[in-house]
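The values are calculated or read from the model by the stated rules, or taken from the named source; none is laboratory data. Small disclaimer: the values here were computed from a predicted structure and weren't measured. These accessible areas exclude ligands, DNA and RNA; they are computed on the full protein's heavy atoms, side chains included. Shrake-Rupley method; radii C 1.70, N 1.55, O 1.52, S 1.80 Å.
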Amino acid sequence: QVQLGESGGGLVQPGGSLRLSCTASGITFSTYTMRWYRQAPGKEREVVASISAGGSKIYADSVRGRFTISRENKENAVYLRMNSLKPEDTAVYYCNAGRPGRAYWGQGTQVTVSS
């Protein structure tokens, strides 16, 4: 059974930082591209950052330079370091594991940026 679990969300003031974590089980983690998505109220889910099995990273324009994605295959974990947070970063953040023909999702973690 495949399980992905996110943690690390919470309430933070504008300009603050958070580190999200996602751990996976039931998959050969090192062979999957890992992505972080987010969904704000009333908006579609959007990809924030991705890291391939080989370590290549891609960021959405809205977070480039502020967010950093990383992975630790020994721990079956992917991380999202978020700096200089803005109110518009407020959303539920989801972890995704993907390979051709396969995609798995976590349950999401809420990030709220507000003073």
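Using the 1.4 Å probe convention, the accessible area of the chain works out to 53 Å² per residue with neighbouring protein chains retained.
Pop out the carbon and sulfur fraction of the accessible area of the chain as a percent, whole number, probe 1.4 Å. Result for the chain: 44 percent of the exposed heavy-atom area is carbon or sulfur. Considering the range 5-115, its Cα convex hull presents a mean projected area of 6.6 nm². Based on alpha-carbon centroids, what's the gap between the range 58-80 and the range 1-30 in Å, whole number please? About 10 Å separates the Cα centre of the range 58-80 from the one of the range 1-30. Counted residue by residue at 0.36 nm each, then reduced by the alpha carbon distance between them, the extension gain from Asp61 to Glu88 reaches 8.4 nm.
Dividing the radius of gyration of the alpha carbons in the range 1-64 by their Kirkwood radius gives 0.99 for Rg/Rh. The relative contact order of the chain, computed from alpha carbon pairs under 8 Å that lie at least 6 residues apart in sequence, is 37 percent.
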